[in-house]
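Student: This is the structure, below, for whatever I ask next.
The values are calculated or read from the model by the stated rules, or taken from the named source; none is laboratory data. Just so we're clear, the structure is a prediction, and the values are computed from it rather than from any experiment. Every residue, glycine among them, receives a Cβ derived from its backbone with ideal geometry; neighbour counts consider all protein chains shown. Heavy atoms of the whole protein, side chains included, go into the accessibility calculation; ligands, DNA and RNA do not. Shrake-Rupley method; radii C 1.70, N 1.55, O 1.52, S 1.80 Å.
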Amino acid sequence: MVEMADDTATEGEWAKGLRSPVVVCVLSVAAVAVALGMRLLLDPILGDTQLFIFFMPAVGVGTLLGGFWPGMLAVVLSLVVSAIFIAPNTWTLTAEMVNHGAFLIVGIAVAWLGERLRRAGIESRATQDDLISREAHLQSILDTVPDAMVVIDEAGVMHSFSKAAERLFDYAAADVIGS
């Protein structure tokens, strides 16, 4: 890990700090608060209508940063603040109950799918790191073998060209790899 002279965190450490459970929950709550503020600003136009579209970005923020549970925190918090601040006297009406139920179902689906995408991204990064490590290991083996080694696929494209092959054939690996 690279240490910076002024003792600030590296970019990777900063990103890990941003994804700590406490920070993710705070950001989810803040996103719901921003959505509520935006919705209340439009109160003169929208009245008591509960439009949950304002709260979907908050669910996305929680899910993308922390996964399923922070996304669900945003869903539940959105339902609660909507019932308390936006239309406290109309939430018992059937139409509003359907609206709340639909938001709950969509919110759960977004949080679940977001968690799946987040995990796939983590697994993909791990797989990429593993492949890079294996390729570096193979190249180190090829570079230490005393005989010339050339790796060619079934289409005849060269993928590896050892140091001994460079000396024997008088070509640089960069010039022949991929041809």
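Student: Of the residues that sit in the stretch 91-128 and are open to solvent by less than 100 Å² (accessible area, probe 1.4 Å) and of a type in the set (Asp, Glu), which one is farthest from residue 52 (Cα to Cα)?
Tutor: So, considering only residues that are open to solvent by less than 100 Å² (accessible area, probe 1.4 Å) and of a type in the set (Asp, Glu), the one farthest from residue 52 (Cα to Cα) is 115.
Student: Which of (1) open to solvent by less than 50 Å² (accessible area, probe 1.4 Å); (2) closer than 30 Å to residue 38 by Cβ; (3) not hydrophobic (A, V, I, L, M, F, W, C) does residue 162 not meet, given it meets every other one?
Tutor: With respect to (1) open to solvent by less than 50 Å² (accessible area, probe 1.4 Å); (2) closer than 30 Å to residue 38 by Cβ; (3) not hydrophobic (A, V, I, L, M, F, W, C), residue 162 is out only on (2).
Student: Report, by residue number, each residue of the stretch 151-176 that is within 16 Å of residue 140 (Cα to Cα) and touching a His at 6+ places or on another chain (Cβ under 7 Å).
Tutor: Answer for the stretch 151-176, where residues must be within 16 Å of residue 140 (Cα to Cα) and touching a His at 6+ places or on another chain (Cβ under 7 Å): just 151.
Student: Mind checking which residues of the stretch 47-63 are part of a helix (DSSP H, G or I), open to solvent by less than 50 Å² (accessible area, probe 1.4 Å) and free of Cβ contacts under 8 Å to residues at least 24 places away in the same chain?
Tutor: 54
Student: Restricting the stretch 1-22 to residues that are open to solvent by 50 Å² or more (accessible area, probe 1.4 Å) and of a type in the set (Val, Ile, Thr), which is modelled with the highest pLDDT?
Tutor: Here the residue is 22.
Student: Take residue 66 and tell me if it is of a type outside the set (Phe, Trp, Tyr), surrounded by 12 or more Cβ atoms within 10 Å (Cβ to Cβ) and within 20 Å of residue 37 (Cα to Cα).
Tutor: Judged against the criteria, residue 66 is not a match.
Student: Residues in the stretch 27-46: is at least one outside any helix (DSSP H, G or I) and open to solvent by 70 Å² or more (accessible area, probe 1.4 Å)?
Tutor: The initial filter retains those residues of the stretch 27-46 that are outside any helix (DSSP H, G or I), namely 42.
Right, trim to open to solvent by 70 Å² or more (accessible area, probe 1.4 Å) and you get none.
No; the residues of the stretch 27-46 include none that is outside any helix (DSSP H, G or I) and open to solvent by 70 Å² or more (accessible area, probe 1.4 Å).
Student: Among the residues of the stretch 135-150 satisfying the criterion of being among the hydrophobic types (A, V, I, L, M, F, W, C) and without any contact (Cβ under 8 Å) to a residue 12 or more places away in the chain, which is farthest from residue 178 (Cα to Cα)?
Tutor: Only one residue fits best here, namely 141.
Student: Mind counting the residues in the stretch 130-159 that are touching a helix residue (DSSP H, G or I) at 6+ places or on another chain (Cβ under 9 Å) and either of a type in the set (Asp, Glu) or open to solvent by 80 Å² or more (accessible area, probe 1.4 Å) (or both)? Working first, answer last.
Tutor: Of all residues in the stretch 130-159, those touching a helix residue (DSSP H, G or I) at 6+ places or on another chain (Cβ under 9 Å) come to 142-151, 158.
The next check asks that each one be either of a type in the set (Asp, Glu) or open to solvent by 80 Å² or more (accessible area, probe 1.4 Å) (or both); those that pass are 143-144, 146-147.
Result for the stretch 130-159: 4.
Student: What pairs can you find where one residue is in the stretch 114-130 and under 14 Å from residue 67 (Cβ atoms) and at pLDDT 80 or above, the other is assigned to a helix (DSSP H, G or I) and open to solvent by less than 80 Å² (accessible area, probe 1.4 Å), and their Cβ atoms are less than 6 Å apart, with a gap of 6+ or different chains?
Tutor: Going by the 6 Å Cβ cut-off, the qualifying pairs are 114/63; 114/71; 115/68.
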